[in-house]
Amino acid sequence: MSVAAKPAAGAGPVLEVRGLIIELPKGSDRKLAVDNASFSVGRGEIVCLVGESGSGKSVIAQSVMGLLPKQLPVAGGSILLEGEDITHAPLSRLRQLRATRMSMVFQEPMTALNPVMSCGEQVDEVLEEHTTLSPAERRAKILETIREVRLPEPERIYASYPHQLSGGQRQRIVIAMALILDPALIIADEPTTALDVTTQAQILQLIRDLQARHGTGVLFITHDFGVVAEIAQRVAVLRLGNLVEFGARDEVLKRPSHDYTKMLIRAVPTLAPVGRAADPGAPVVLQIRNLSKTYIDRGWLTKRREVHAATAVNLEVRRGQTLGIVGESGSGKSTVARCVVRLIDPTSGEVLLGGQDIATLSASKLRPLRRRVQIVFQDPYRSLNPRRRVGEAIIEGPLNYGLSRSEAIVRARKLMELVRMDPASLERYPHQFSGGQRQRICIARALAMEPELLIADEAVSALDVSVQAQVLGLLEEIRGRLNLAMLFITHDLRVAAQICDHVAVMSQGHVVEYGPASEVFLRPQHEYTRALFAAAPGRDFAFSTDPR
């Protein structure tokens, strides 16, 4: 059936990486992207490749698939797929091997899929290229695979376009494409990072089940140690291109030998709430009363449709307190945040800032109040203008509100010290910083307005575990030093546990549970809250507690 004949199953590993060396372009921060890395993936085994951004995880994955750009040449070592050396295989051979003997599941399914082709057509491309099946036989096989990845209504899914499916459904389609020809190796590159905790749990269980059923070897790339604890059989730890530790899951996670692995594990947040007692007498900075937001879809070919993004939300945040809003995508948490900062207008209800209702204020009356509420967004890469020095980004707000340039620069330098960065770097551009450094700059920019309320909308979800821990610690320190009120939006329960005094759990636009973090985390009352906790990956795993 396939152009690429598969060897008979044997005891040997599906993938062997031996002494792999991959060079970086001249002028990079180091010479090698991957430095003498060696590991293997057995049949029916899941090996997790972990490390921070820039460690070389995705570079290794792309080298196996033959997707490396010319700027990243393989300078040494070898890659063996079922015993065949494919390190420098010609493109024609790699095309034969892709999908038939090795497949890849990418992190963001929306960019991995063609938006102008139906999902069925995209899977059919694989079969048309690599098999001699008739159109009817191909369709039957696709529908069978769609059922296998547990998607509802296979005929509808086959005919749907990517934008008509949820993120979890799109990722299942990508998995179906990877599995359709029963390859010996699947590389999953951060396939659950962008998904909600319950959808993530479903995808992880699906990968486990399919891997066990097909006997496929899986190289699973992630920076989430909860996922590693949940799914891995062996773990390889990368640091700046060097493989510093490789062994059985329990050995690496419970008894790590390398200092870098120990540091990563120490940075993993737990589900245990911080338990800080809030001052009940502190003044209320923000009060939300019966806030609702309804979107109206008036499509040409569809009936008028109302989407209730937030319904009758009641919350309050006091000075020096952090309120977390948690929930899955579409729960309404970011809608509430954007209504508070008036990036969108509420449909009804009140948003009281220091006792003043700002929900219905016109733009001219709202402008003097905007400095009192500042927001830090999820993606620091898109939050800063790439053509402006970061110093200019920080002082822009104060300048617009009447502060002199000299005073604004002095304030910016102090804020850079507050977020633990060198004030001299104010003259640099955003691309000259790491993701964690960019997020620190965004925090400094928000604080430059000396706000009463700071909103963090998924501000650490795109960061590595160690950088995430640093930014969370920084936010907590700033809250304490400046006595700020904070509204912290997240879908990560572990993150919420580390920073929030009170927690509101949202589902389908409603607040289903609200109270002190210690109560919500230790004694959840609503079934949706309990489902979120049950779905948290690695929730019961005992990580190493070695403080050294």
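Ranked by the mean number of other Cβ atoms within 10 Å of their residues, highest first, the peptides 68-79, 425-436, 478-489 come out as 478-489, 425-436, 68-79. Cα-based radius of gyration for segment 391-548, normalised by 2.2 N^0.38 Å, reads 1.21. Given R0 = 22 Å, the distance between the Cβ atoms of Tyr295 and Arg367 translates into a calculated FRET efficiency of 0.30.
Taking a ≥ b ≥ c as the square roots of the Cα gyration tensor eigenvalues, segment 204-295 comes out oblate, since a/c reaches at least 1.5 and a/b does not exceed b/c.
Take every Cα pair under 8 Å whose residues are at least 6 apart in sequence, average their separation, divide by the length of the chain, and the relative contact order is 16 percent.
In a fully extended conformation the segment linking Glu450 and Asp259 would gain 64.9 nm over its present Cα-Cα distance, using 0.36 nm per residue. The C-alpha atoms of the chain define a longest principal axis, and helix 465-482 lies at about 0 degrees to it. What the phi angles of segment 438-455 give under the Karplus curve with 6.51, -1.76 and 1.60, with θ = phi - 60°, is a coupling list of 4, 5, 4, 5, 5, 5, 4, 4, 5, 6, 4, 7, 6, x, 8, 10, 10, 9 Hz, glycine and proline written as x.
With each label modelled as a point 7 angstrom along the Cα→C-beta vector, the Met117-Ala140 pair spans 2.4 nm. A cut-off of 5 Å between modelled amide H atoms, ignoring neighbours fewer than 5 places along the same chain, links Gly538 with Glu230. Shape call for segment 327-446 from the C-alpha gyration tensor, a ≥ b ≥ c root eigenvalues: rounded (a/c under 1.5), prolate (a/b greater than b/c) or oblate? Oblate, since a/c reaches 1.5 and b/c is not below a/b. Derived scalar couplings between HN and Hα for segment 254-269 equal 9, 9, x, 9, 8, 4, 5, 4, 4, 5, 4, 5, 4, 7, 5, x Hz in order, rounded to whole Hz, by the Karplus curve 6.51 cos²θ - 1.76 cosθ + 1.60 (θ = phi - 60°), x for Gly and Pro. Distance between Cα centroids, segment 352-386 to segment 168-229: provide it in whole Å. Going from one Cα centre to the other spans 39 Å. For the pair Glu417 and Ser166, a Förster radius of 45 Å applied to the C-beta separation gives a FRET efficiency near 0.55, rounded to the nearest 0.05.
What number of lysine-lysine pairs in the chain show an alpha-carbon separation below 26 angstrom, given a sequence spacing of 8 or more or placement on distinct chains? Final tally of qualifying lysine pairs is 14. Got the relative contact order for segment 175-326 handy, in percent, Cα pairs under 8 Å and 6 or more residues apart? Relative contact order of segment 175-326: 14 percent. In the chain, a dipole from Cβ-located charges (positive for Lys and Arg, negative for Asp and Glu) runs towards its positive end, and of Val14, Leu204, Ala310 it is Ala310 whose Cα lies farthest in that direction. From most to least packed by mean Cβ count within 10 Å, the peptides 112-120, 497-505, 86-94 give 497-505, 112-120, 86-94. Taken about its Cα centre, the chain carries a charge dipole of roughly 1260 debye when the Cβ of each Lys and Arg holds +1 and the Cβ of each Asp and Glu holds -1.
Here the 3J(HN,Hα) profile of segment 358-372, calculated from phi with Karplus coefficients 6.51, -1.76 and 1.60 at θ = phi - 60°, is 9, 5, 10, 5, 6, 4, 5, 6, 7, 3, x, 8, 5, 5, 7 Hz, Gly and Pro shown as x. Compactness of segment 9-57 is given as radius of gyration and Dmax, 13.7, 45 Å, from Cα positions. In the distance distribution for segment 316-389, Cα-Cα pairs more than 15 Å apart total 65 percent. Glu450: net charge of surrounding residues, Cβ under 10 Å, Lys/Arg +1, Asp/Glu -1, itself excluded? Result for the neighbourhood of Glu450: +2. Any idea which of Leu482, Thr100, Pro398 is furthest toward the positive side of the dipole for the chain, if Lys and Arg beta-carbons carry +1 and Asp and Glu beta-carbons -1? The Cα lying farthest towards the positive end belongs to Pro398. For the peptides 38-48, 339-349, the ranking by mean Cβ contacts within 10 Å, running from highest to lowest, is 38-48, 339-349. Other residues with beta-carbon under 12 Å from the beta-carbon of Gly226 carry, at +1 per Lys or Arg and -1 per Asp or Glu, a net charge of -2. Working note: Debye formula, equal point scatterers on the alpha-carbon atoms of segment 238-355, no solvent; log10 I(q)/I(0) at q = 0.18, 0.24 Å⁻¹ is -0.95, -1.36. Ratio of Rg to Rh for segment 105-233: 0.95 [Cα atoms; Kirkwood radius as inverse mean 1/r over pairs]. With only Cα atoms counted, segment 1-143 has Rg and Dmax values of 17.1, 53 Å.
Read the figures in this text as sums done on the coordinates, not as results from a lab. Small disclaimer: the values here were computed from a predicted structure and weren't measured. Quick reminder, even Gly has a Cβ in these numbers, built from the backbone with ideal geometry, and neighbours come from all protein chains shown.
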